[in-house]
Structures are given as C-alpha cells and as structure tokens.
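The values are calculated or read from the model by the stated rules, or taken from the named source; none is laboratory data. All values derive from a computational prediction rather than experimental measurement. Here the Cβ is made from the backbone with ideal geometry for all residues, glycine too, and neighbour counts use every protein chain on show. These area figures cover heavy atoms from the full protein model, side chains too; ligands, DNA and RNA do not enter into them. Shrake-Rupley method; radii C 1.70, N 1.55, O 1.52, S 1.80 Å.
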Amino acid sequence: MPHASESEGAIETRGLEPVPDIERTGHIRELFPTWVAANISVLLLTMGAGLIVFNGLNFWQVLIVAIAAPVLSYGIVGLISIAGKRGGSPGMALSRAVFGQRGNLFPGTLIWVARWGWETINAVTGAYAVLTVLDLLFGIKSSTPLIIVTLLLFVAATFLVSGLGINALRVCSKWSTYLFGAFSVLVLVHLVANTQWSAVFAKPAGSTAMLIAGIGTIAAGGISWVPSGPDFTRYLPRTASSKAMVGSTVGGAGIVVLPMVLMGAVMAVSTPDLASAQDPVSFIGQLLPAWISVPYLLIALIGMLLINSMSMYSAGFTAQTLGINVPRTWAVSVNAVISLVFGFLLMVVASSFIGSFISFLTLLAVAFSAWIGVFGVDMLRRRSYDGEALMDTTRTSAYWYRRGFAPQAMAAWAVALVVGLLFTKVDWFAGPLAGSWIGTNGLGWLVTIVVAAALYALLPRTPKPEHGLEQELEQELAQGSERAPAEEPETPGTPGTKAAAVSL
C-alpha cells in the first residue's frame, strides 16, 4: 500500500485504477463549486438571447427553460456520478463493465471525439475573451497572428491546470465561484437599473414546441458532462449520500445557468444581434460599461479555462481507456493540440460561430445520450465494480464477456444512436424524421436515452462476467476438437484437455 495518496501534492498521478478506500477523502460539498465552474461561460448569455430571438419565447417561458434545463440535465449528471463512488474509477473506465473491454472502445471513441468539439468551443470562447479585454483596455484590434497567440496561451493554461489534476481543479473552482458570483451580482444590478422592463414583459409568448426545444438546447450542455460525472466523485467515500451528491450537482449548475440565461434573454430584447454575433464575447463587452465588462470577462475567462480544464481532465482518462498507453498528463496533451488546431479553424474560417456551436451541442447530446441510457440501466442493476477486472484488458478479465463485447449493451447503444439521429436536425444535417413532432421539439436526445435504456433492459442478459471466459474457451475448444483427430481416452488422474484450457 502506498504511504501517500496519489491525489495529494501538486500533481495527481493516479490514472484509471480505482481509488483505494483509504484515499477517499473527498467531500460532497466540493461538488457544488465544481459544477458552478463547469458552467461559467458567457455563451449562456448568447444562448439565453437565442431563446428570445430564434425560439420566440417570452421572459416567463425563458424562466421555465432556465429552471428545467439544469434540473433535467445535471440531475442525470448527478445520478450517473454515483457510479464514481461505487467503483472509484473514471466514468469511461467503469463503462468497461457495461460494454466489455473491447466493446467500450466504440462509445469511448465517439465520446472522445465529441470532447474535441467541446474543448474547441471553449478554447475559442476563451480566446475571444482575451481579445475583447485587450481591445477594451488597450485598443488592440484582433488579427490572425493575435488569434494564434491568444489560442496558444489559453490552451497552454488549460493544459497546465488539467495536467495538475483533481486538487488544482478543486482550488480553482472554489475561488472562481466566489469571484464570478460577486461580479454576476454587479451585472444583474446594472441590468435591473438600465433595462426597459415594459418591453421585456410585453413580448408575446412563443409556442410550446419552441419552449420544449429551448429546454433541449440548454440541457445539451449538461448532458455532455454526464460521462464525466464519476471522474469527480471517485474520491468520495462509499458512504457518501447519493441524494446529497445529486443535489450539489444540480445546485451548482443551476445557480449559474438560471441567472445567465435570464440575463441573456433580457439583453436580447434591446439588442437582438447578441443571439447571432460571430464574436459573442466582444458583443457582451459593448453592452456593459468598461468597469463591469473588463473584470467580468476576466472572471469569465477563468471560468472558461476551468470548463476546458475539466473537459480535458476527463478526456485524458477517456484516451487511456482507448489504449493510448501514456500517463494521464500526457494523454491530456493530445486533446490540447486538437483543440488548438480546430479552434483556429473556427475563429478564422467558420462563418457562423453560434450556428456551429448549437449544431455541435445538438449532435453531442445524441452521441452522449446513447451511452447514458445503457450505462444508467446497468448502474441501477449493480452496486459495485470489480476494480481488478476493470484494469485487465485481456481475455482473463471478468468484463471480457463474448470476445471482449457485451452484445446486449452494444446492440442497445448502436440502435439508440441511429434512432436519435433520425429525429435530429442541425445546420448541415437533417434526419428523415426531423420534421416529426419529436424532431421539431428537439427531443432526439431524449428519445435516444429512452430507446437505449429500454433495449438494454429488455434484451437477453449478457452472461455473468465470472462465466464469460469459461464459456468462450469452451466454445473455442469445441471448434478445435471438431477439426482435430480423435484422441485417446484420458487415463485416470490425468487432467482433461478442457480443464487444462480453462485453467490457463
């Protein structure tokens, strides 16, 4: 047993391996600032504005969206994060118990690729924040060389924080929560004093379909965090309250999402261009006085850095589950380089930032939802995970199942993914059922969860893990005996071929 915790010190050295009970010194209260930090993004202002401009909702409908979306999405994050305290490993490592050692590579790869897009969006938003502050303070205008420099600085800072590990994320999340909360109050006071509230409340109500679609759009950001939930609860003791974990997760996210979405909606009444701005960060800088906008954007910059750091932290684990056999800190660097390249393309080449962002969120929600449905049902059925089997990627693993795949989980995941895409529509893709009631209400992601969960619950169960290897070897032995010549009968006391093969 190590004499010191692998999570202590400046750098976390623990990778996918389960956290021993003796090192589970985390506290549930640390989840609250973690999920506050995961939502400190000025893009929520833009998305709130979009609910007014594009969805045609009024203030009270936006309020419903701002309450329902985080409760729904982060409620799922909190529920799935319970698996972290049970198994002590990151979410995508625990996923091996569900899909099989080889089968897990398929949803793992899709989720890893999806994180490229999420980290790219965060990197671009952070770079825009830096450019806006430079313009407001020093009059320095954006240029291609400056874009490259700001992206490099932002991604490098992200890599540093995520590379340090869980303790660095906890400290940064705590202080950013305090600072962002204080300056958000200033912004709220400014809006209350300078908004034409008669115009805000005079706006007519939009359709129920657009209301539901709005909930789906805002909830998509939270859905993308679901596979990462266990990554931030693996250091909690097994006795930690599950209800308190869910409550802290929803509360931390909701306390940010609710006011940010409402502020964006209020701003959009007088400045509807906020909803479609190519550079939403600089647009926000123009809406607020410099004494508020500069410190607010600096704090938001820290928040966006933390969002990206949390995403890269989880992405490092996901990369390791895919067989990238390097320490977690180096696995993080792969995503850092990818977000740098894609971030440059989005800032310099793409014609519509917010359009690309919404399209990405929509597809991301479907991709993650297929995994959520299967993993969620499996989590309801089990109370523990075999730590040794999670780390054993060979055929001797209890989670090898049939040739490394859990057929029931793989079939449910694949079918649900296809079904979800049938109801999905984005700027450059539309499924054949996107025009249906489900599609127009933006419920493709919810259908994906339901189909995945139902199929996984109804399909014949995969053989119990402890018998998976034995059955596979028996099958291979039977096939081999059909091809081999007849053998002499066994002499008493001589181990049988079958028994010897199974013992290997």
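The table that follows gives values for the structure above.
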read-out	value
Descending principal axes extents, region 1-145, alpha-carbon based, whole Å	56, 40, 34
Sequence ranges 49-61, 188-200, ranked by mean other-Cβ count within 10 angstrom, highest first	49-61, 188-200
Area accessible to solvent at LEU136, 1.4 Å probe radius, in Å²	70 Å²
Potential extension, THR208-LEU188 segment - 0.36 nm per residue separation minus Cα distance	4.4 nm
Accessible-area ranking of ASP231, ASP273, largest first, probe 1.4 Å	ASP273, ASP231
Added length on full extension, which subtracts the Cα-Cα distance from 0.36 nm per residue, LEU459 to THR394	20.8 nm
Segment TRP60-PHE201, length gained on full extension (0.36 nm per residue, minus Cα span)	49.9 nm
Rough spin-label spacing in nm, given labels placed 7 Å along Cα→Cβ, for VAL418 and SER436	1.4 nm
For region 155-235: rounded, prolate or oblate by the Cα gyration tensor [a/c cutoff 1.5]	oblate
